[in-house]
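Readers should treat all values here as calculations from the given coordinates under stated rules, not as data from a laboratory. A quick note: this is a predicted structure, and the numbers were derived from the prediction, not measured. Virtual Cβ from ideal backbone geometry, glycine too; neighbours counted across all protein chains shown.
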Amino acid sequence: MDQGGRPFTEAEPTAGRSRLFLAGYGLANAGAFVSFIPFLTLLAPLKAAEVAPHARDLTLSQISIVGAITAAVAHIAFGALSDATRSRFGRRRPWILGGWIATTLSLALVGLAQTPWQMLGAVVVLQLAVNALYAPLAAVLPDLVPDHQKGAAAAWAGLALPASKLFTALVVGALLVSATSRYIAVIAAAALLVLPFAVTLREPPAPARAPIAWPSLRLTAFADGRFRMVFASRLLIETAVALHTLYLFFYLKDRGDLASRLPGVTPEAAFGLLLTASTLGMLAAGAVSGVLSDRLGRRPVVIAGGVLIATGVALLLLVSGWPGPLVAQVVFGIGHGVYSTSNLALVAEVLPDSAGNGRDLGVMNVAVAASQALGPLLGIAVASGGGDLRGVFAAAVLAALAGAGALLARR
């Protein structure tokens, strides 16, 4: 496989990667996403309703905030640790494999939680484990993929999110019924997708007398103007996505016309239908947007994705009668596919120091983790004020538009 063999260097990669490498990287990313997307979108709300039936919204929001903070710190820490690793197996591979083992155990721990405090502790462990897996995996793209292939690699990696959502909708949400079977399916799918790439990954070896490298947690990336611009845009757009993802299930469940328009359809099944629709749109858009960004430039494509995300959420609010939500989800999915793939390539391009790719990707991921905290905070404010979820989705529209506009601030 085309996965290494060149001398160790911190220089930018120049040799092209094979399609087999790119496909394997995409599948490994899908496995990483499968390990937490089903939990964030469906299993966590169901678990919160199980352990705190009379305070499900508040419990989910509080646990999500703690989990997001844990994820932000963990991604930087494990990225820096993998940057500093010097082993015969490479910098990233030992952490990917170790993170997969820890993720498997922590998912089982979450499934066994019986109280809100137990769920909180299990989610913290899960976030640590998932980031031990994902932080070094994400760094493989800037480490080993040259600039002229970053869009193509991002297109493969960008399929991870819609694939994990499709898995959530069709398998976890619709096919399986018991909580145990759902957690087992997540664990098995993650293993099948991650392990082939992780086991066969070949990184440029360190020289026999390579100096010991100590992890660096310095946030020097923020000194770069392009990095700051992309960070701000990502924070805003990801906040819109987090608000939509976290509260869509409850929004559907609380809709007054769902039972009359779709008799016999449970909220879980309706959620699965909408998730499938948005995922198909995301798959179609994501497959082409990465390559399109190689030709048109990253920022115009990312901006278009942010505007489409805002449009989809706005339609969810404005067209309340069924099948309005279905149309809204298709538009949202297309926007999310365009945004996520092109943004991944954009992030890989603006990392200022190749020796610290893992750490700086962790810093950039703080935007995602912070968005997962901002969303629940707004949810708590709405719930405490006696409001409904329409205000939450209106805030999501504004955040997506502001994030798209942030990329126009510096030309």
Taking a ≥ b ≥ c as the square roots of the eigenvalues of the Cα gyration tensor, with a/c under 1.5 meaning rounded and otherwise prolate when a/b exceeds b/c and oblate if not, the stretch 153-208 is oblate
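Over its Cα atoms, what ratio of radius of gyration to 2.2 N^0.38 Å does the stretch 65-188 give? Working shown, then result.
On the way: Rg = 16.2 Å, N = 124, 2.2 N^0.38 = 13.7 Å.
It is 1.18.
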97, 107 arranged by Cβ crowding within 10 Å, fewest neighbours leading: 97, 107
How much length is gained if the chain between residue 390 and residue 178 is pulled fully straight, taking 0.36 nm per residue apart and subtracting their Cα-Cα distance, in nm to one decimal? 73.2 nm
Direction-averaged shadow area of the convex hull around the Cα atoms of the stretch 272-331, nm²? 4.0
Sorted by Cβ neighbour density within 10 Å, fewest at the top, the residues 172, 338, 368: 368, 172, 338
By the Cα gyration tensor axes a ≥ b ≥ c (a/c under 1.5 gives rounded; else a/b larger than b/c gives prolate, otherwise oblate), the shape of the stretch 269-411 is oblate
